[in-house]
Structures are given as C-alpha cells and as structure tokens.
Amino acid sequence: RSPAVINGGPSASDISIFFPFGIVGPDDYFQPSRAWVKEMLAVAKTGCTVPEPPHVRLGLDQDDLDHNTCFLASCDWDLEEVFRRHAGTTVDHGSEFRPVEQLRRIVGRHPGFAYLEAMLTSGFDYHLERELTEQERMLEVKAQLERGNHKSAMQNMEEVRTLLSGDVRRGFVLPIRANAILNVKGLHLQPGGMVRQLSLKADGSRHPKSRFTHDLSFSITADDASVNARVDMSKHPEMVYGWCLLRLIHYIAALRVRHPGVRILISKFDYSDAYKRISQSPRSSAASVICFGEVAYICWRMVFGGSPNPAGFSGFSEMLTDLANEIAMSDYSPDDYVSPTVRESHLAVRETEEQDAEFAVAIMPAFEVSTRSKSIRDCFIDDIIDCHLDTDENRNRSGHIVQMAVHAMSRPHAGEDLEPVPRKPLLGPDKLEAEGRSSERQIVLGWEIRTRDLKIALPYDKHLAWREDLVAIIRAARVSRKELESMIGRLNHASFVIPLSRHFLNEIRRKCEGTPNHHAARQTVRLNEHEIADLTLWLEFLDLARRGISINILTVRTPTRMAWSDSCPFGLGGYSLQGMAWRIRVPQDCPFYGDDTANNVLEFLGMAISVLLLLREAAEDQEDHPCLLVLGDNTSAVSWIFRSGRVSRNSRYYPAVKFIARTIASRALQAGAQICSQHLAGVTNTVADLLSFEGNCRGTTNPLTIDCPPNDVLTDRVHQLYSQVIPSGFKIRHL
C-alpha cells in the first residue's frame, strides 16, 4: 500500500501515486564569455586565402581525359601523390572550410574536434575493417566493369551525364579514360543509380530534381567485397541526427507550456552541396569510382551512398549546430558583426496564420526539456533547424545566428570572379528566401510543423501522391515488387509521426521480402484480404496525417489514465483507475471454452476493451489528448499490438487479432489519444484475475467467486478484501 494513501495523501485513484514526477532533462544552458565572443568575431572577420585551381582539367573532352590520365600516370597511378601535388588547390583537403588554426580558436574544445581536424587535414576516410587482397579486389573490379550501372541510371543517361559533368566542372571528381582504371592503385568500382526528390524554390513551390547515387553496398564476387560491408562504424562519430524531430517537438511543447500565448517560430537552413564539400582521403577516393561509357570518374569528394558518410558529415554539421547554439546563448549582437550572406529579406517573419487564431494548449512531456534558452538549433545532416520564441531579442538575432556560425566555420565565398572553379553559395539563396525566414509553419524533415495549433502534418503534395498510389494498389490487389518497396518506404516515413501505424506495415513488408529479388521491376506481388485491410487502414492514417497530428500525442508523456486487465480460457475482466470494472464469461458452448490456445487473443481483447473504456472516460471528462496505460500480466496494450503482427496466418485467431489491432489503432488516433508504450512489471494482478473467472471452472477456486456472485455482490466483496489496492470508486458494471 502506498505510504501516501496511508498518511492521508492522494487517493488510490490518483495517478500521481504511480507517476509522482517527470524526468528533468539535461540543461546545458550557459553564457559564453565575452572573450569567446570576441574571438569568434575575430575569426569571422578574418579573410581566407582563395585556393589555386587544380592541375587537372575539369572537362570531358577527349583532350581533357587524355591530359588527366597522363597526369595520373605521372603520379604512378597513386592517389596519394595526386593529392600531394594538389596541396593549396581546390582539390586539397579542407579547401571548403576555414583553416584548422582558425577553427581551433572557436571550436577547438569541442569533443568532436579531433575527428574534424583529421578529416580536414587528411580527408574523410571510410575506416575499413579489412582491405581486400589484390586478387579479391581485381576480381570484383572486373566483375563490376562487366556488369555496369543500375537500370535507374542507364534509363536516364542524359540526366546522368548532365549531373556528372556538373560535378566535373566544380572539381568534385577526377575524370579519366575508362580503359585506364585497372592501373589505378587500390581502385574499387561501383554502379551508379538515380533517385528523384523535391527541391524548394524561393516562392515556396516544390520542383522535382534528380540526384545521382553511388552504390557502395553493391558487390558481386563476395558478400563483403563492397565498401559498406567493411566499414568500421565505431571509428566514426555517433549519429544523433535521427532524434532531431523528436527533440524539436519536445522543445516546442515545453516552450508552449511555459509561454502559452507567445508565437513559436521556425526557420531552416540548408548547407548546399553538403557532402561534396568534404574531401575524401586518397584511399577513399580510389575506393569511390564509377564508369559511364568511355569515362571513369574518381570521386575525391564525399559521395551519396557510403554508409559512414552521414556520420562523417555530421562530424562537421553537429559542431556547426553546437557553435550556433553557443552564439545564441552569448551576448552576440548583429551590431557586433553581420555575416555577409545575411539579407534584409531573411529577417522578416513569413506570416502564415491569422493573428487572432488560437494557440493550442500543450501538455508538458514526461521528459521535461529546459527552456532557459528561448531558442535552440538542431540538425539533420545538412539541414539546420532554428526554433525560437517570438521575443524582441530573438527577432533581432534569429536570422543571424546560423548564418554567422556557417560563416565562422566555412571558407567564405570569394565571388564568382575570384573562385577558381564554379562554387555554390554556402547556404542556397532560394532556400534562404523560402525557408530561412522565421514562420509558424515550416517544412522540417519532410513534415509540416505548425506551431500555432501544435500539429505535424504530411505536406499536401506527398499526401496527394501517396494516397493516389495507395488507392491504385488497393483496387488492383496486385503491385510490382519495386512499386511495393517504394510504397513501404513512403509509409515507413509517415509512420514516424503516426503512432501505432508502423505495425500495419509488418504483413506488407513480409510479403515484399518473401518475393524473389530478381526482375524486381516486373515481379508481381498479389495481396490477400488481410494485407488489403492493412493498406485500407493506411488510407485513414494518411488522411489523419494530412489534417495534422497533435504534438501532444507524439512526445513522451506521463499517463493520465490507467487500467488493468487479465484473462484465462474461461473469461476476461479488468478495471480502470477511476473504478470502472467489467467482466466477460466465455460461454461453455464456445469452441474455445477452456482452450489455453485462446488465452493470448483473450488477453489482447481484454486490453482492447480497457482502451475503449478509457477513451470513453476521457471523452466524458472532456480530456484532450489523454495518455493511456493499459497493463496485463506480462505486457502493455502497445506491446500486444506489435506482438499481434507475429501471429501465424494459419492460426484460427489470426483474423480476430488483426481486427482488434486495427480497431484499437483507429479509435485511438480518431480520439487524439496516446497509448503509452511503457510496462510496469508486477508480481500479481489479483483483482483483474478474479474478474476473469468464477466457480470451479479452472480447477482452483477463489472464495470471492466460488458461488458465481452477481456484479453488485462481487463488488462489495472486492471492497471488503482488497480496499487498499483498488480505486475508491471500484464498481463492476455491465458492458
């Protein structure tokens, strides 16, 4: 029994007995010294030497290829010598950034500085666990030469040539004659591919663009012949960007709780040509080569497709973000110095909401985030997101902070006339105009965050395209394996902010994985009624995501309502913390009466009933966004939803389990409720257990239920024997 109850504290129906306090998160707020600010400003004002042009030719004419091939031959086909001769040029390591000596003055004490310093002085290295023997390497290279590139690239050859010629022109790759690649020391060859994505323009419109990818996971002669298969990820920084969105929404919720009537604004900054600004080590450059036609491209800048590359680039971008946060916590003022990239238009708020629109109420997460700093920056690889309260100070500084950090760490653009090779601005001008301006509505990591009504929504274009494709698949009840893989990828992205939805991809994913991989584009996958039912539920999920999902059901929450349930092959029962108790007997003429194989589905059914009853309680109490915790003997309701995906299709309970899972997910999302994933382990579940049977049906008896009492009699008996562990309003009611 809780001491608080014994001493006259909260009653047994008060949830604070179980969750008396939240968890206070780390608070790393501090004010950097004025001396540090002066040092940062001194670095920002310091000019950088513009590198010399490369000694190779940045063209694809035959003369260019011959010249470059001869230059490589003069280096004994060794990339180490190629880089040595290019010291001080745009090819040199770190040429896109300020000198290490300058960086050391402002970020030298950062725990990741040693990694960044090595990357900017010696180039980004894959750090392979083992090198292939010369025989293994040559066998793989020749097999890759014979096989060629992926179909996605071969079917878009003109686009591929255009993209690669742009990389050549800007000095990202070294083009040589393809017939010379077997001479290059340590060379590895991979196939290229093409993916399409949307790019944002200054007017806010989104236009499709193509991105060339380098498949460093593909191998032919051995499973570990590919680069990605041999990377030692422990040698690279920990990747924390995957939690970026969750960190942001927890911060937004905490800001709204503590400042309920103040606008929360978001801006986003895209570090252009991100990977292509990181020079690779000679060994990694030799291991990143593609061939198209008569040209081989040696990639001496980071490529899209290497498994350690996100971690490698994050070694820079996470430090850049930390620097921006420290600038924001300091007494820096735009009156001190302004980054040359800042334009007056960047500082104007992009108005998206009616002035009199209500501010949605936030619920403080269980993990309480510090808001001593009224602004914060986070990053996802090359996207830096600025989230801040709409205060006079933030209005004056928010448009400057990230741009100052970028200017302080990167080599400033010298101008088109002085740059030796074409070089994009560090922050894309179009995106600065569209996303760099603060707004209450911003696309972040593919989601529209609306801070006024505290919602995250699927953008209109994605919802329209994904829904149309999903409807077509459902109607046809068949789809190509390639199209199904694409749809799974889309829905998996959507599931990140749609609670409970990921479970309903299990069946589809298993069907896709069970289909032979050869001829994937033409392989037809037929869908059964249960898979169609899951995809139909996904239409509901996508529509809900387009309308917007409350941040209050996406943060880690303290439960606001609890219930317990139990079951056996003879019945099931449970009760809520408010005292609503119930029980159901399995009729003796039921096919599974007394059958132990039914116990799992009955346990799940009991939890489902508890969820629905808690949703009804919350609706009656007009509680917005309740957080429900439903417990059984060994698991919680959420755990059971995900376990249900592992029930064999041959089980006679399979349709029932799927129906229960779909019902819980749909009803909870419609109600705007969160089903808590935590489980409180317990030794016994006595009260819920005695509600699940009566008489001597189990062979063992309970004195309270031996005579099969009616609900009111059993209610009185439970109060007499278990008053200390049940809610004061405990009453068994007819369902």
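The values are calculated or read from the model by the stated rules, or taken from the named source; none is laboratory data. This one's a predicted model, so the numbers in the text were calculated from it and none came from an experiment. Using ideal geometry, Cβ is built from the backbone for each residue, glycine included, and neighbour counts are taken over all protein chains shown. Each accessible area value is taken on the protein alone, full model and side chains, heavy atoms only, with ligands, DNA and RNA left out. Shrake-Rupley method; radii C 1.70, N 1.55, O 1.52, S 1.80 Å.
With respect to the chain, whose longest principal axis is taken over its alpha-carbon atoms, helix 481-494 is tilted by about 70°. By the rule of a C-alpha distance below 27 Å, with chain neighbours fewer than 8 residues away ignored, the lysines paired with LYS235 are LYS185, LYS276. Computed about the Cα centre, the dipole magnitude for the stretch 316-461 is approximately 240 debye when only Lys and Arg (+1) and Asp and Glu (-1) carry charge, each at its Cβ.
With respect to the chain, whose longest principal axis is taken over its alpha-carbon atoms, helix 392-409 is tilted by about 50°. For VAL349, the shell of other residues with beta-carbons less than 10 Å away shows a net charge of +1, using +1 for Lys and Arg and -1 for Asp and Glu. Relative to the current alpha-carbon distance between PHE18 and CYS590, full extension at 0.36 nm per residue lengthens the span by 202.1 nm. Taking the C-alpha atoms only, the angle from helix 34-45 to the longest principal axis of the chain is near 50 degrees. The slack in the chain from ASP335 to ASP356, taken as 0.36 nm per residue of separation less the alpha-carbon distance, amounts to 4.2 nm. Think of the chain as a dipole: +1 on every Lys or Arg Cβ, -1 on every Asp or Glu Cβ, centred on the Cα centre; then among SER339, MET319, ASN528, ASN528 lies furthest on the positive end.
Take each peptide in 361-373, 722-734, 553-565, 260-272, count the other Cβ atoms within 10 Å of every residue, and average; sorted highest first, the result is 553-565, 260-272, 361-373, 722-734. The spread of Cα positions in the stretch 496-587, taken along each principal axis and listed from longest to shortest, comes to 58, 41, 19 Å.
Pairs of Cα atoms under 8 Å, at least six residues apart: use those to get the relative contact order of the chain, whole percent.
Numbers: 1282 pairs, mean separation 102.5, N = 735.
Rounded, it is 14 percent for the chain.
On full extension of the chain, what length is gained from ASP28 through VAL421, given 0.36 nm per residue of separation minus the C-alpha to C-alpha distance?
Value of the extension gain: 137.3 nm.
Given a 1.4 angstrom probe, what's the average accessible area per residue across the stretch 101-255, in square angstrom? Intermediate results must be reported in sequence, preceding the final value.
Details: 7660 Å² over 155 residues.
Computed with neighbouring chains in place, this is 49 Å² per residue.
Rounded, prolate or oblate: which one fits the stretch 307-375, using the alpha carbon gyration tensor with axes a ≥ b ≥ c (rounded when a/c is under 1.5, else prolate when a/b beats b/c, else oblate)? Oblate is the answer for the stretch 307-375, as a/c is 1.5 or above yet b/c matches or exceeds a/b.
Think of the chain as a dipole: +1 on every Lys or Arg Cβ, -1 on every Asp or Glu Cβ, centred on the Cα centre; then among SER217, ILE176, LEU537, LEU537 lies furthest on the positive end. Label-to-label distance for SER677 and VAL262 is 3.2 nm, based on points extended 7 Å past Cα in the beta-carbon direction.
All Cα-Cα separations within the stretch 453-554 were binned at 10 Å from zero, giving a P(r) of 15, 48, 28, 8, 1, each value a whole percent of the pairs. If you take all other residues with their beta carbon under 13 Å from the beta carbon of SER375, and give Lys and Arg +1 and Asp and Glu -1, the sum is 0.
Taking the convex hull of the Cα atoms, report for the stretch 334-489 its projected area averaged over all directions, in nm².
Details: hull surface 59.6 nm².
Reported value for the Cα convex hull: 14.9 nm².
R0 = 51 Å: FRET efficiency of ASN650 with SER370, Cβ-based, nearest 0.05? Given R0 = 51 Å and the Cβ-Cβ separation, E is 0.45. In this Cβ point-charge picture (+1 for Lys and Arg, -1 for Asp and Glu), the chain has a dipole of about 960 debye about its Cα centre. Checking the cross-link pairs LYS268/LYS455; LYS482/LYS511; LYS151/LYS511; LYS268/LYS482; LYS431/LYS482 against a 22 Å limit on the alpha carbon distance flags LYS151/LYS511; LYS268/LYS482; LYS431/LYS482 as lying beyond it.
May I ask you to give the percent of accessible area on the chain that is carbon plus sulfur, with a probe radius of 1.4 Å?
Details: 16500 of 32300 Å².
That share works out to 51 percent.
For the stretch 31-142, a/c is not less than 1.5, where a ≥ b ≥ c are the root eigenvalues of the C-alpha gyration tensor, and a/b does not top b/c. That puts it in the oblate class.
Annotation: peptides 601-612, 466-477, 246-257, ranked by per-residue average of other Cβ atoms within 10 Å with the highest first, follow the order 601-612, 246-257, 466-477.
Per-peptide packing, taken as the mean over residues of other Cβ atoms within 10 Å, places 298-311, 105-118 in the sequence 298-311, 105-118 from highest down.
Suppose R0 equals 45 Å; then what is the FRET efficiency for ALA114 and ARG211 from their Cβ-Cβ distance, rounded to the nearest 0.05?
0.90
Overall, the stretch 257-379 carries a charge dipole of about 560 debye about its Cα centre when +1 sits on the Cβ of Lys and Arg and -1 on the Cβ of Asp and Glu, all other atoms neutral.
Can you work out the FRET efficiency for the pair ALA35 and MET233, with r the C-beta to C-beta distance and R0 = 30 Å, to the nearest 0.05?
Numbers: r = 38 Å, r/R0 = 1.26.
After rounding to 0.05, the efficiency reads 0.20.
How would you classify the stretch 538-629 from its alpha-carbon gyration tensor, with a ≥ b ≥ c the square roots of the eigenvalues: rounded for a/c under 1.5, else prolate if a/b is greater than b/c, otherwise oblate? It comes out prolate by the Cα gyration axes. Extending 7 Å from the Cα toward the beta-carbon at both ARG667 and CYS70 defines two label points whose distance is 8.0 nm.
Of ASP461, ASP589, ASP430, the order by accessible heavy-atom surface (1.4 Å probe, DNA, RNA and ligands excluded), from most exposed downward, is ASP589, ASP430, ASP461. Our compactness index for the chain, the C-alpha radius of gyration over the empirical 2.2 N^0.38 Å, is 1.13.
Taken along the Cα-to-beta-carbon direction at a fixed 7 Å, the label points for MET154 and LEU182 span 2.2 nm.
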